[in-house]
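The values are calculated or read from the model by the stated rules, or taken from the named source; none is laboratory data. Source: prediction; values computed, not measured. Here the Cβ positions follow ideal geometry from the backbone for every residue, glycine too, while neighbour counts run over all protein chains shown. The accessibility values were calculated without ligands, DNA or RNA, using every heavy atom of the protein model including side chains. Shrake-Rupley method; radii C 1.70, N 1.55, O 1.52, S 1.80 Å.
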Amino acid sequence: MRRPSFCRASLPGLALVGWLVLVLVGLVTADAPSGVDFRAAASSSTFREQLVISPTADGLHTFLRAEFLISSPADLAHADAPNPRQHYRSDVYPAAVRQIFHLNPHLEAAALTFSQGQFMLSEWGALDLGHGAAGQAAQRAASPARRLLLQSQELVPTGSRLVGLFRPSATSTPADIGTASMDAHLDASWSGLTNILGGLFCVSSHDMTSERVVDSVFEAGESPGPTAWLLSRSSMLPRESSCTENLSALRRWVLPCAVSGEMPLGPGAAGLGDRGVASGGGLAGILLSSPHGIFSAPWHSLSLFLSRTEGIRVAVDLVVPNSRARTIKQAWGIGMQVANVPPVAVSHVSLCPVASSSRVLIFPGLATTKVAATATAAMAVPGPTLREITTAEDLAAMLDARLGPAEEDTSVEAVPLHGDAAGRLPILVERSLTSDLSDQGSGLLVTRILFRLPASDGPDAPSICHVRLDDVLPWFLVPFLHTLRHSMVSTGTSGSASGAGDAALASSRPDFRLEGLAFAPAVPEHSPAQLRIDFTLAAGAGPGPHEGEVLFEMRVRKRFIHIDLHPPDANRGFEIFPSEVQVECQLPAGHDARLIPTGLAWPADGAASPAMASSTPSGSVALRYRAFTRPLLVYLPLPDFSMPFNVIAGTSTVIALFFGYMFNHLVRAVVVKPARSAGLKARLGGLLRRRPAPPAAS
Amino acid sequence: VCTSRFWFNYRHVSNALAVYGAARAAGVPDSRVLVLLADDAGCNARNVFPAAVFDHPSLSRDLLGRHAEVDYRGYSVTVDAFLRLLTDRLPASVPASRRLLSDSASNVLLYLTGHGGDHFLKFQDADELTATALSEAIIQMRLLQRFHRLFLMVDTCQAGTMLEGLPSPKEAADLLDRAGLAAAARDPTDGSLDFGVIAAGSARRSQNSYSIHSDSTVGLSLSDRFTSILLESVNKLSPKRASLMDL
């Protein structure tokens, strides 16, 4: 029998193989040539996920917030740090975001949001982050990136908004603000950011030009840091749509586990209607698996915050009617059938393996407020429930847990937590533009601040609201600042309108004090106009609530803009940026704040500290929220878009006719041709008639 | 590319998404597909099925799905942006996902749908892509060696007129010869010069391209005949053994 060939291998050959094996082993275990310890970097970021469920103030809707936080790795804080090639799977910090910071060395932080629908502040209430007065003070002293993070947790305007914080160049000073060099620096930084975000997250970056951006300076506040001040640029696009492509970008490029466990499309599968299953991935993988559920909600928002030091925050917020919020899965539309498309099935539930914490925070409301039909005593309001999810069984049980009473349970009646129908946010804002009948090119811009303040309860329990109104008007809407007027209409408590001369209701008229007014005019075709009004409303001790409205009216003129500057659907009109109102109130304790509690502060140690609108030692309630008006649609005077064609066609016709006439008369020569001799027949005829033949026609 | 705006042009969005889906189903990754949609049909306020786009009255296939990636949308879909995309004359700041990163070995499928006419295709209801501009861009692409094969499909009224600007074999040979690409483009078997462009249109001059699959729930036509029949034919083909002649 022949011996196998390998037994005949010679010693030198075996030695060669052995050396090759040793070399390969050495290569595998050697450190990377860049000198960066990947293993240390790999474990430096943490991923936490949280779901918040909260009732709206009217008790008829449920607010849901899926929030995902990724902490920043240590090496990202420095703009000049090397960008090691990170395989995505070895670090929860997404490689795409790392590239964003690497390609934009001056970028400190950015916040991108998409929102569709109308957030009914007057009915649903305002988002409350639960900071209280102490938290609000801490916010003012926080770093710019931290303040931007807190801003991104609040209400966002309809459409899309991008805010970027940029470090100035090394040699610039605050005195350089507004100079050409600073503008060039900011333009370059902004262009880099908008292009890369446009490519990753499908936002219309090309629209975020100088005509729609607002620049400001972020003071660093009291907290020390390497940069005393940062440049801020923001842009709002009220028309931007928010759809599946935006959500899928967040899931694919930022969130770990969001696309894990799904069955890919195979050859022959028709179209994109994949019937894949969400089989894992924790909250990120399951809650975001059904775009139909998210985009069919009356209001939704997608939010992305990036920072070198404060980490990444992704949030998907929904407000859904209670009829659709029987369970968490139902609220998010998992299992929701769209037409005849089979719903996304959850074959098995598993946790996200890289999540250090998964939790669900349920604020009391419809979830736990059950009142027996015959009960007359008010029920005590329980505190929020925080549940850590540590096993797949916890997650499965949480997804299927009932959020409200069973429909078939007729012995109880679910009542909203805030049963006071008269309760309302102290400050609401509306805006309108009315054109003059005689001159459609001008109009009156009216901003109505609707207030409803409780009576103050002494010096220790004031009823006072500080309001900041920010308005950004595009350059084609020219405001006449000298026509800005404010007036107050107080309806007091009787509901009837009251003027200044009504002494009986004078005590219920709050004090209005204008704290500041700032205006920056627009530069045509370059930058918008900015108007900021700070004022205070303080209610007296008279019988409350003190109700009415403050009107700010200003005349505006609409420009007749160049034909090329109109969008393709010019007859639709132009969307004007929403007005933004920041409200900080001190109200007497016991006031129905009409808030939607949205979460807990994330302390450094990660422990939960539940807090709602907390009381200050003086017995008043600190309230802070942000509100936006609806986008305003303005019709500008339109040119006749067919005129260019008409002019070109008519002019070309005239020129052609003129040219033809002149050419014929100037260039064309008249040539007289000699007559030809008569034919044989004509000559014979002439002979017969005894006269010469007529000349032949030429 | 879907070049039409407004809700009533829903079918053009569904056409483009259907071809996108077919490409993905054939295994082409998202990084190699550029989707340009001039308007948003999925999350349009008039859509009774939010975040869903259908191309068949059975409403059984959602083209938007859960993983759609749209690269250019809304007002960014312009003639200028489209031609720059084809010829790669873009600023350095434009990200890779918005560029056509093809080279001389790439096979490119270019699908255009919308409203058109004699030698033009309408963009956004306000601008026009002429047949001349399209053919010039394709010629530039060939001379810049941005494709090995280009399959151009146009689904509009009088779409065939959009293809008339493409060079004839003699013109193509002349162009390649002057650019010094003739040697590489010559077929070794018969010596013919291959310009590398195959084009198909949905209608001839003076001929309209009609819609199909009207649905009363959505309230519109969901697809166009050419694209619908094209995709039905593609689905019947085996991806490994199919050839252009089968189509």
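Per-structure values
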read-out: Among residues of segment B:57-72, those that are open to solvent by less than 20 Å² (accessible area, probe 1.4 Å) and either among the charged types (D, E, K, R) or more than 7 Å from chain A (Cβ to nearest Cβ) (or both), counted; value: 4
read-out: Search result, residues across segment A:521-570 that are assigned to a strand (DSSP E or B) and modelled with pLDDT under 90; value: A:Val523, A:Ser527, A:His546, A:Glu547
read-out: Output for segment B:120-170, where each listed residue is of a type in the set (A, V, I, L, M), open to solvent by 20 Å² or more (accessible area, probe 1.4 Å) and touching a Ser or Thr at 6+ places or on another chain (Cβ under 6 Å); value: B:Leu166
read-out: Residues located in segment B:190-212, provided they are open to solvent by 90 Å² or more (accessible area, probe 1.4 Å) and modelled with pLDDT of 75 or more; value: B:Arg204, B:Arg205, B:Ser206, B:Tyr210
read-out: Subset of segment B:38-51 (residues that are more than 7 Å from chain A (Cβ to nearest Cβ) and free of Cβ contacts under 8 Å to residues at least 24 places away in the same chain); value: B:Ala45
read-out: Pairs, first of a type in the set (Ser, Thr, Tyr) in segment B:187-207, second part of a loop (DSSP other than H, G, I, E, B), C-beta under 6 Å, six or more apart; value: B:Ser202/B:Ser209
read-out: Selection count, segment A:638-674, where residues are open to solvent by 80 Å² or more (accessible area, probe 1.4 Å) and more than 30 Å from B:Asp125 (Cα to Cα); value: 14
read-out: Candidates B:Val77, B:Val35, filtered to the one that is facing chain A (nearest Cβ under 9 Å) and touching an Asp or Glu at 6+ places or on another chain (Cβ under 9 Å); value: B:Val35
read-out: Residues of segment B:1-36 that turn out to be of a type in the set (Val, Ile, Thr) and open to solvent by 40 Å² or more (accessible area, probe 1.4 Å), as a count; value: 1
read-out: In segment B:46-56, the residues that are open to solvent by 30 Å² or more (accessible area, probe 1.4 Å), touching a helix residue (DSSP H, G or I) at 6+ places or on another chain (Cβ under 9 Å) and closer than 14 Å to B:Phe8 by Cα; value: B:Arg46
read-out: One residue from B:Leu90, B:Leu85 being in contact with a helix residue (DSSP H, G or I) (Cβ under 6 Å, 6 or more places away or on another chain) and hydrophobic (A, V, I, L, M, F, W, C); value: B:Leu90
read-out: Meets criteria (within 7 Å of another protein chain (Cβ to nearest Cβ), at pLDDT 90 or above and in contact with a Lys or Arg (Cβ under 9 Å, 6 or more places away or on another chain)) for B:Phe54; value: yes
read-out: Evaluation of A:Leu60 against (1) closer than 30 Å to A:Pro597 by Cα; (2) at pLDDT below 85; (3) open to solvent by less than 60 Å² (accessible area, probe 1.4 Å) (one fails), failing number; value: (3)
read-out: Residue under evaluation A:Val634, criteria (1) touching a Leu at 6+ places or on another chain (Cβ under 7 Å); (2) over 29 Å from A:His562 (Cβ atoms), criterion not met; value: (2)
read-out: Residue check for B:Glu136: over 20 Å from B:Thr227 (Cα atoms) and more than 14 Å from chain A (Cβ to nearest Cβ); value: yes
read-out: Candidate set: segment B:84-108, residues that are touching a residue at least 40 places away in the same chain (Cβ under 8 Å) and open to solvent by less than 40 Å² (accessible area, probe 1.4 Å); chosen: the one nearest to the other protein chains (Cβ to nearest Cβ); value: B:Arg98
read-out: All strands (runs of 3 or more DSSP E) inside segment B:134-247 with 1 or more residues being farther than 20 Å from B:Phe82 by Cα; value: B:211-215, B:220-224
read-out: All positions within segment B:1-31 that are within 16 Å of the chain's Cα centre (by Cα) and without any contact (Cβ under 8 Å) to a residue 60 or more places away in the chain; value: B:Val13, B:Leu17, B:Tyr20, B:Gly21, B:Arg24, B:Val28, B:Asp30
